[in-house]
1. If you add up the charges near G123, with Lys and Arg at +1 and Asp and Glu at -1, over every other residue whose beta carbon is less than 14 angstrom from its beta carbon, what do you get?
2. Just to be sure I follow the rule: in the chain, considering lysines 8 or more places apart or on different chains, how many pairs have Cα atoms under 30 Å apart?
3. Any chance you could list P(r) for segment 129-212, counting all Cα-Cα pairs in 10 angstrom bins from zero, rounded to whole %?
4. For the chain, set up a Gaussian network in which alpha carbons nearer than 10 Å are linked by springs, and say which option among P121, P288, P333 fluctuates the most.
5. Compute the relative contact order of segment 237-359 as a whole-number percentage, counting only Cα pairs closer than 8 Å that sit 6 or more residues apart in sequence.
6. Run through the DSSP bridge list for segment 168-254 and note the antiparallel percent, rounded to the nearest 5.
7. Taking Cα pairs under 8 Å and at least six residues apart, what relative contact order does segment 16-256 come out at, in percent?
8. Given springs between every Cα pair under 10 Å in a Gaussian network model of the chain, which of T95, T254, T237 has the largest fluctuation?
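No value in this document is a laboratory result; all are computed from the given coordinates. Because the structure is predicted, anything quoted here is derived from the model rather than measured. Heads up, the Cβs are rebuilt from the backbone with ideal geometry, glycines too, and the neighbour counts pull from every protein chain shown.
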Amino acid sequence: MTGIYLDHNASTPMAPEVLEAMLPYLSDRWGNASSIHAWGRALKKAVEDAREAVACLIGGRPRGLVFTSGGTEANNLAILGAARAHRGERRKIVTTSLEHASVAAPCKALAKAGFEVVFVPPGADGCVAAEAIEAVLDERTLLVSVMLANNETGAVQPVARIARAARERGALVHTDAVQCPGKMAIEVDELGVDFLGIGGHKFNGPHGVGALWMREGTTVEKLLHGADHERGLRPGTANAPGIVGLGAAARLVTARGDGPTRRLAALTERLERQALRSIPDSFASSPPFERRLPNTSNLGFRGVEGESLLLALDMEGIAISTGSACHSGGVDPSPVLLAMGLTRPDALSSIRVSLGHSTTDDEVDRFLETLARVVAGQRAGGAAGD
Ligand SMILES: Cc1ncc(COP(=O)(O)O)c(C=O)c1O
């Protein structure tokens, strides 16, 4: 694909090093990692090497990692698995109105099953206040689930503080860190969480693979039933090529250090400032740069629909996204932006721009030129915000 891809929070290109690491496992190094013969042992070694690389990325022990089919399964395993494993007095789940569907949906399923689920709203900056979470914690709270960084605004949440308060009350803590590898440092001990989920395709790894990290001594009930893979927590023959790719992507992030992240932050900041300066009646919904992912900017243009903007930019070969949901009856604005207090028309006029490590200065310039032209054209054409 050619063009300008500014939708890296949706998915990222697989790094050449990742593909290279995977290729042998898609051709001559085949077998079943659970077999005890030489073929199986070779695969098992590759899977365990990947486990070490992923553990190193998040500062955890390899033994705490369970490989899954992606971030969605990792989050479901933590939330539903913890709820099913701890069937005692604690029947309350505390989460936020910012969460991705892979957290919000299992929480809603638990509400239907009789759990009390509290969705704490964020402030206007897209960050949930630790005090707002603390205010609803009590001795009935089984689990607190707060994402490490939001996919739509990039807002980094105060997970370490929330985790401290939650653990003081005896609650377990889960964080959805799917958006974070390659964009910010992740240290499970500094965060103080019990569960952390990631997915490969968000950091230049393969699709269809992810991992749930669990603190030692924490238990979940498995969601799938079958053979005894992954310490009995996730049955199914190991996706060895995918896991090897996840390990290679983790190694790349660890080796890269934070230099490229600083470049990304500077590029995003320039994009946002220039867009706001050059386009009248525009606004940013992401929090200040020091409290957000280095690659994400959520921008709104009054009098223009984000969805129309997305389509017009697509015609120009530029990929961005919106948090809106299209259906036959129209477009629903992003629940995240609404929860932050944006009006419906402002939420509908918003787009998410998410850069990647391969994004160049020239691409940002061309995007800015096209964006200004397309917004002006749509305003002149009378596109309405709602
Ligand atoms: C914050 C967040 N959590 C979870 C997911 C789901 O991850 P996966 O695509 O690996 O299932 C996504 C993907 O968009 C995400 O942005």
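1. Taking every other residue near G123 into account, the sum is 0.
2. Number of lysine pairs found: 15.
3. Bin by bin from 0 Å, the calculated values are 18, 48, 26, 7, 0.
4. Maximum fluctuation in the GNM of the chain, among the listed residues, is at P288.
5. Numbers: 144 pairs, mean separation 30.4, N = 123.
Averaging sequence separation for qualifying contacts and normalising by length gives 25 percent for segment 237-359.
6. 60 percent
7. On the way: 494 pairs, mean separation 68.9, N = 241.
After rounding, I find 29 percent.
8. T237
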